Amino acid sequence: MVVEFDATPAELAVLEEGLRSLDMASDLEAAVRREGVTTIDRYGGARPHPGIDLALKCRTQWARTVAQLGVRMVEPSPVRVLAQDEASAITTAIKR
């Protein structure tokens, strides 16, 4: 949720780079999930997947971007699970 954010062109450029870092971290984390947390080196030994370290660096860059811009992260509201009868009532109302 964005309440208000007036940014200069320089701040927008910083935000854009930070968002690229966040996207790259997500891509790297997906690769680690897909390929596993370890890889085999040329000698047959297990090593940590290189994406782990790179994703951490990208997340760190995102955190620095947020701090540099003075953005205050707000905790998302907890999701309330609807009871079956509540969900049915909403579904019925939407269909009308």
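Observations on the model:
- A Förster radius of 30 Å combined with the Cβ-Cβ distance from GLU35 to VAL66 puts the calculated FRET efficiency at roughly 0.55.
- Taking all Cα pairs closer than 8 Å and separated by 6 or more residues, the relative contact order of the range 9-74 comes to 41 percent.
- Summarising the amide proton neighbourhood of THR39: residues at separation of 5 or more, or on other chains, whose placed amide H is nearer than 5 Å comprise ARG47, HIS49.
- Vicinal HN-Hα couplings computed from phi for the range 47-61 (Karplus, 6.51 cos²θ - 1.76 cosθ + 1.60; Hz; Gly/Pro x): 9, x, 4, x, x, 5, 5, 5, 5, 4, 5, 5, 5, 5, 4
- Among 7-20, 31-44, 53-66, the peptide with the highest mean count of other Cβ atoms within 10 Å heads the list, and the full ranking is 53-66, 7-20, 31-44.
Any read-out appearing in this document is the output of simple, stated calculations on the displayed coordinates, not a laboratory observation. This structure is a prediction, so every number in the text was calculated from the model and none was measured. In this analysis, Cβ positions are derived from the backbone assuming ideal geometry, glycine residues included, and neighbour counts consider all displayed protein chains.
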